[in-house]
Amino acid sequence: MNRRERRALRAIARRLAQEDPSLARRLHHGAPPAPATVLDRIAWTYFAVSITLMASGFVLDDTSLLRGATLLLAVFPPLILVLAAAFRVTSHDQYMARRLRD
């Protein structure tokens, strides 16, 4: 950005701070952090454990390991949906609490 554009943005920021201080604070602090990274880690770890159990069941020719891995993989989609909903509610509640404080 050139100087003129930066100056214009600073002027807009000052006017916004005068007109709506709470909105200016929220814009300055940014959006609440997305819990997707935590959910991604949980999902990939769960999936890796399931696949490892399945591979072990094939290699060791153990039907109980295969059944366990199949059960884990069958539970995987609903579990991730429930966790995603829980994270979404938690992050929304935190966002609303911070918004009410401001």
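A simple spin-label model places pseudo-atoms 7 Å from Cα toward Cβ; at Leu81 and Arg26 they are separated by 3.1 nm. Here the calculated FRET efficiency for Ala17 and Leu39, from their Cβ-Cβ distance with R0 = 35 Å, stands at 0.50, rounded to the nearest 0.05.
Taking every Cα-Cα distance in the range 1-84 and sorting them into 5 Å bins from zero, the calculated P(r) comes out as 3, 12, 13, 11, 9, 7, 6, 6, 7, 7, 6, 6, 5, 3, 0 percent.
Read the figures in this text as sums done on the coordinates, not as results from a lab. In this text the structure is predicted, and so the values were computed from the model without any measurement. Every residue, glycine among them, receives a Cβ derived from its backbone with ideal geometry; neighbour counts consider all protein chains shown.
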